[in-house]
Amino acid sequence: MEQEILQVQEMAPQSPWMGVGSLIVFLVLYVFCAYCLARLYKKVGMPMGSSFIWALIPIANIFLVIKIGGKPWWWFFMFLIPIVNLVFAILLWMAICERLGKPGWWGIVIALVPVVNIILFLILVFGKQEQAHLQTA
């Protein structure tokens, strides 16, 4: 009988700073996304002051996005239901895009298509919008 010899491959040693670096990158991206949400809030005619704080708080930032879209607060509960939350996310992003003077189909792309959604989101945040489409909720 032959015995199988198990080979153990040694993993390359990883720096303990790798985890810290990843955490720093994540935090920078999180704060940038919060800034983008606060900027969208300002674009729809609301004061930016406390909106940045709201955008930083997980779960609370959902309420902020709902307010940017001009939808009622109870939509938050729809985001807790699987599958239904996808439909409401599409509807919410469509409303936000239309409110900022962009076509409604952008909302579908932002909700569903990876990579392109980042580009369109950044255009919404940093691009110009038509003033005629702005409405306060």
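The values are calculated or read from the model by the stated rules, or taken from the named source; none is laboratory data. Note that the structure is a prediction, hence the values are computed from the model and not measured. Here the Cβ positions follow ideal geometry from the backbone for every residue, glycine too, while neighbour counts run over all protein chains shown.
Some points to look at:
The rows are residues; the columns are (1) at pLDDT 95 or above; (2) of a type in the set (A, V, I, L, M, F, W, C); (3) surrounded by fewer than 19 Cβ atoms within 10 Å (Cβ to Cβ).
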site: I57; (1), (2), (3): no, yes, yes
site: I66; (1), (2), (3): yes, yes, no
site: W74; (1), (2), (3): yes, yes, yes
site: M78; (1), (2), (3): yes, yes, yes
site: L86; (1), (2), (3): yes, yes, yes
site: I90; (1), (2), (3): yes, yes, yes
site: M94; (1), (2), (3): yes, yes, no
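- Looking only at segment 37-53, and only at residues there that are crowded, with 19+ Cβ neighbours inside 10 Å and either more than 20 Å from K102 (Cα to Cα) or aliphatic (A, V, I, L, M) (or both), the one that is farthest from the chain's Cα centre (by Cα): V44
- Residue check for G107: in contact with a Lys or Arg (Cβ under 9 Å, 6 or more places away or on another chain), surrounded by 17 or more Cβ atoms within 10 Å (Cβ to Cβ) and not aliphatic (A, V, I, L, M): no
- Test: I81 is of a type in the set (V, I, T) and either part of a helix (DSSP H, G or I) or touching a strand residue (DSSP E or B) at 6+ places or on another chain (Cβ under 8 Å) (or both): no
- Residues that are assigned to a loop (DSSP other than H, G, I, E, B) and more than 14 Å from the chain's Cα centre (by Cα), drawn from segment 93-119: L100, G101, K102, P103, G104
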